[in-house]
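The values are calculated or read from the model by the stated rules, or taken from the named source; none is laboratory data. The shown structure was predicted, so the numbers you read here are calculated from the model rather than taken from an experiment. A quick note on method: Cβ atoms are made from the backbone with ideal geometry, for glycine too, and the neighbour counts reach across all protein chains shown. Note: areas computed on protein heavy atoms with side chains; ligands, DNA, RNA excluded. Shrake-Rupley method; radii C 1.70, N 1.55, O 1.52, S 1.80 Å.
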Amino acid sequence: MSAVTVLSVGAPDRRPAHPTRALARAVLRPHQSALWFWGLLVALIGGGLLWAAGPGFDAAWDAYLKSGCREADYCDMGPAYQRYDMVVTLGPAVLTVAPALIGAWAGASLIGRELESGTAKLAWTQSVAPARWLAAKLAVPAALIVSGTVLLTLLNRLVWWREEPLRRAVVTRDWFAVTTFTGNGTLATAYALLALTVGVVAGLLLRRSLPALAAGFAGTLALMGVLQANRDHLWPVVDTRSSSSEPLWKGMLVDQGIVTASGDRISNVLCGEPDCGRSDVVGYWAQSHPSSHFWPLQLVETGIVVAVTALLVLASFHLLRRRTGGAA
């Protein structure tokens, strides 16, 4: 065996065995407190929803049957139902609020603080290319966020399916309520990923933790608010007409009004009275979304959110390329 061969065999391999895993660990190490917070939040809310889908619902249903609520317009079903209702309300509420917190964290801690302190520049000049650094900053948190939100969404769906008889008897949650609509479908995960990219873009733009925190938080809330305010326009409404002023819809009401003798349709939402004080009313109309529109509305809004998220990912790499002078 030649000396060259001996040296080659005996030389230690200094390359990391799993560079991708090492980079993922490097991304997570500075954010262990956030990781613990997210894990505990998912575990607590997930455990509460599992309880609500099992013994919690059984206790609430038993309390309803014993309360006499079927014969009265108002009744108190006691602490068993109150505990169940609190947990079931908290689950989708957490999924609705979480994106704003994710956006603030991504702007301040994930990106802004590392740019402000120079940690990111040190990593770029030593071992990690800027593009790979940003890809890891997006991919690793995204995997953890998706796993948590999908799990909580599935548990919310389980509770929603289980409580159907109680919901028919005691109307406490509508499918189109903001938290219920977000927490029972694909939107919770989509909004969480949108928040992550909003925070990343804010951090790359502002390069300081506190301004990026505020921008990530406010930007996420603004985008969510715009989409939620226009949710009823994302799918064709059901148009109903009648000669009676009785409610004409089931589900999410979009608009309603009167039909005059001349055939004009006038919205009476702001009138304060069904006929708006007119004497030429010949009919009534209403536009609404029935419960069968849940998934069409959910998927269309999710598609918009995913498209905006993809654009923000592209924008983040463009900003990084400009900051590093094309090195990304």
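Cβ-Cβ below 6 Å, separation at least six or inter-chain, first residue in region 247-259 and within 17 Å of residue 176 (Cβ to Cβ), second in a loop (DSSP other than H, G, I, E, B): which pairs?
Note: pairs meeting the criteria are 250/290; 251/290; 252/176; 254/237.
Scan region 101-117 and give yes if some residue there is in contact (Cβ under 8 Å) with a residue 24 or more places away in the chain and farther than 28 Å from residue 222 by Cβ, otherwise no.
No, because not a single residue in region 101-117 is in contact (Cβ under 8 Å) with a residue 24 or more places away in the chain and farther than 28 Å from residue 222 by Cβ.
Condition first: under 30 Å from residue 142 (Cβ atoms) and at pLDDT 90 or above. Can you find one or more residues in region 249-264 that meet it? Even if it seems obvious, please write down each step before you answer.
Kept after step one, since they are under 30 Å from residue 142 (Cβ atoms), are these residues of region 249-264: none.
No, every residue in region 249-264 fails to be under 30 Å from residue 142 (Cβ atoms) and at pLDDT 90 or above.
Failed condition for residue 239, given (1) over 18 Å from the mean Cα position of the chain (by Cα); (2) more than 23 Å from residue 298 (Cα to Cα), with all others met?
Among (1) over 18 Å from the mean Cα position of the chain (by Cα); (2) more than 23 Å from residue 298 (Cα to Cα), residue 239 violates only (2).
Of all the helices (runs of 4 or more DSSP H) wholly in region 2-60, which have at least 1 residues that are open to solvent by 50 Å² or more (accessible area, probe 1.4 Å) and at pLDDT below 60?
Counting at least 1 such residues, we get 3-10.
Could you check how many residues of region 300-328 are touching a helix residue (DSSP H, G or I) at 6+ places or on another chain (Cβ under 7 Å), in a loop (DSSP other than H, G, I, E, B) and open to solvent by 50 Å² or more (accessible area, probe 1.4 Å)?
The total comes to 1.
Could you list, in sequence order, the residues of region 172-187 that are in a loop (DSSP other than H, G, I, E, B), open to solvent by less than 60 Å² (accessible area, probe 1.4 Å) and not basic (Lys, Arg)? First the steps, then the outcome.
The first filter runs over region 172-187 and keeps only residues in a loop (DSSP other than H, G, I, E, B), leaving 172-177, 184-186.
If we keep only those that are open to solvent by less than 60 Å² (accessible area, probe 1.4 Å) too, we end up with 173, 175, 177, 184-186.
Hits for region 172-187 are 175, 177, 184, 185, 186.
Conditions: (1) among the polar types (S, T, N, Q); (2) closer than 30 Å to residue 194 by Cα; (3) in contact with a Phe, Trp or Tyr (Cβ under 8 Å, 6 or more places away or on another chain). Residue 316 meets all but one. Number of the miss?
(3)
Could you check, for region 139-161, whether at least one of its residues is among the small types (Gly, Ala, Ser), at pLDDT 90 or above and farther than 23 Å from residue 97 by Cβ? Steps first, answer last, please.
Narrowing region 139-161 to residues among the small types (Gly, Ala, Ser): 139, 142-143, 147-148.
Those left that are additionally at pLDDT 90 or above: 139, 142-143, 147-148.
Going one step further and asking which of them are farther than 23 Å from residue 97 by Cβ, we end up with 139.
Yes, because at least one residue in region 139-161 is among the small types (Gly, Ala, Ser), at pLDDT 90 or above and farther than 23 Å from residue 97 by Cβ.
Applying the selection to region 188-228, what residues are open to solvent by less than 20 Å² (accessible area, probe 1.4 Å) and either more than 23 Å from residue 135 (Cα to Cα) or of a type in the set (D, E, K, R) (or both)?
224
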